[in-house]
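Take a look at the structure set out below.
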Amino acid sequence: MATAGTTKSTFDSTLASARSTMLFSDIFHLAIDSFRASKVRFLLTMLGMIIGSASIILVATLGLTGKQYALDQLTSMGPNKIEVQFAGGSTVGPDNSATPDFMTREDMTAVLDEVPGIVASSPMLETHHPISVGGGVTKDTMILGVSPEYKTVRNLQVLAGRFFDEEDSLGHQKVAVMVEPLAKTLFGTSNAAVGQTISVLGIPITIIGVFKESFDTYGMSEISEQTLLIPYPVARYFTGTDTVKEIFFTTKDAAMVEPASKRILEIIRSRHRPTSVYNAVTLTELLVKMAKIADMLTIVLSLAAMVTLIVSGVGIMNSMLANVQSRLREIGIRKALGATRLEIRLQFLTESVLLSLCGGIIGTAIGLAIPLSVRFLTPYTIPVDPLSAVIALSTSVIVGIIFGTLPANRAARLDPVETLKYE
């Protein structure tokens, strides 16, 4: 009797264990065996996940690269630059005549005395005159009177010759630097323009240099294709006034730009009529907006790339449904031996997630390998966001769970008696 009781107890224990427990390692090995039995089908199913995961990383990389390029181009204009502009307002003279309440060079001097951290500054006086290059040839130009520090403030590149210096400015030297398109139009090349003499209102001016902007502003800056830069004191000969249209400042650090711009406006406004309007233009707000736009475009493109993962998820679901159908007898036998619905569901869900995750890992490896190869094999630095790899792998797991649930539930609900009859 004791032996019979012991045997019954052992049987009940084994049956209870079969109904309630199955090591995850066993489920994992069953999934691997299933993949080995249908290698081609599962590889083709995995292909969609590979393409989708690689697409997410490459799209994120392209977005980061474009963002970095745009920000680099903008910062090349001078991230520490503050441009103060006259926007409107007038002063009334004794004869009741109104004249624009322009800024003056004394405003710039007051700012330099009161605002710390400014390392360079330049007034800008604008006038338009035709220049004569001899032989009866004239050309309409925009002449900007600036200080030698204008080159630093605007981050200009001198292509030939030199920029005028403080000695030229203090000595009222009749020299000028010419923008590259104008030099090529008048003299053929930048080097040929250096040393040439032009005439502005009968005053001979020597071209000592040719320059260009470090960043293509597409006509959005004060410099055009017919611009001539001359020392500010010389420009006053042509205007007869000490007023300036704009004043440029450069701070020591980009973090000083916003507080400095507010203080500069306060000083200038205090020196003019209350109704006059002046604006301070900086790149800070533009850089923030550009970064937000680039991030939003990257997100939108990444969401578009995720469509590939959704499509591949449908492929995984179809493959797993076919897998369930081909393994009906196996499912019936396992259920007959005591496997629970939870274990059957977990088995097929594990296969689905493993299939999706393997595709995601391969796709992620490919997506990372391409920009990293460019980084190591070329002089170009391609930014890589590790978060994109995390997103790609996480999305792969989620896709596997979502699209593997239906096949797993179908397998779990199968009647063991009917499945054992299946041929």
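The values are calculated or read from the model by the stated rules, or taken from the named source; none is laboratory data. Keep in mind the model is a prediction, meaning the values are calculated, not measured. Glycine also receives a Cβ, built like all others from the backbone with ideal geometry; neighbour counts cover every protein chain displayed. Note: accessible area is taken over every heavy atom of the protein model, side chains too, but ligands, DNA and RNA are not part of it. Shrake-Rupley method; radii C 1.70, N 1.55, O 1.52, S 1.80 Å.
For this structure, a couple of remarks:
- Rounded to two decimals, the Cα radius of gyration of the range 269-366 over 2.2 N^0.38 Å is 2.28.
- In Å², nearest 10: area of ARG345 left accessible to a 1.4 Å probe: 80
- The range 176-198 residues near the modelled ARG162 label - backbone nitrogen below 15 Å, point 7 Å along Cα→Cβ: 176-177, 194-195
- Accessible heavy-atom area order of ASP140, ASP253, ASP168, highest first, probe of 1.4 Å: ASP140, ASP253, ASP168
- When the convex hull of its Cα atoms is viewed from all sides, the range 99-230 shows a mean projected area of 9.3 nm².
- Exceeding the 29 Å Cα-Cα cut-off - candidates LYS139/LYS252; LYS252/LYS292; LYS139/LYS212; LYS81/LYS139: LYS139/LYS252; LYS81/LYS139
- Share of carbon and sulfur in the accessible heavy-atom surface of the range 291-373 [1.4 Å probe, %]: 80
- Accessible area per residue, Å², the range 175-238 with all protein chains present, probe 1.4 Å: 41
- Using R0 = 51 Å, the C-beta based FRET efficiency linking ALA336 and LEU387 works out to 0.60.
- Overall dimensions of the range 207-269 by Cα: Rg and Dmax, Å: 15.2, 39
- Largest to smallest accessible area among MET103, MET296, MET142 [probe 1.4 Å]: MET296, MET142, MET103
- Solvent-free Debye scattering, log10 I(q)/I(0), computed from the Cα coordinates of the range 345-423 at q = 0.12, 0.15 Å⁻¹: -0.51, -0.64
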